[in-house]
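This report concerns only the one structure given below.
What follows draws every value from the coordinates through simple rules; no lab data is involved. Being a predicted model, the structure only gives us computed values, none of them experimental. Here the Cβ positions follow ideal geometry from the backbone for every residue, glycine too, while neighbour counts run over all protein chains shown.
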Amino acid sequence: MKLFTAIAVAMLSLPFGATAFAQSNPSGLTRADVMAQLQQAQAEGFVPAPKDDYPPSEATIARNREIYAIQHGGDGAGAVKTAGVQLNQAVPAAN
């Protein structure tokens, strides 16, 4: 009798457990939206940021902007000064 009761309780609780994991409120962002936001953050210099420098400092943002301009062929990418060293040619992106 106890076995029958346990099986009945388990069978009745399965449909309720399945709805607990269903997403009832979608975020509204598509994968393309998230990728566009990430690319914008990279272009603005906010990404990447080291763990010990959050929020990123002005120096980190400036460095990230320079790296992004070099990798993506931005304006003045051939004459960017980074860490006190003048770069004469754009460095190819390592993909």
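From the phi of every residue in the range 4-12, what ³J(HN,Hα) in whole Hz does the Karplus formula 6.51 cos²θ - 1.76 cosθ + 1.60 yield, where θ is phi - 60° and glycine or proline is x?
Taking θ as phi minus 60°, the curve returns 4, 5, 5, 5, 5, 5, 5, 5, 6 Hz for the range 4-12.
Once fully extended, how much extra length lies between Ala59 and Thr30, figured as 0.36 nm per residue of separation less the alpha-carbon to alpha-carbon distance?
Result: 7.2 nm gained on full extension.
Compare the peptides 55-66, 32-43 by average per-residue count of other Cβ atoms within 10 angstrom and give them in order, highest first.
The peptides rank, most packed first, as 55-66, 32-43.
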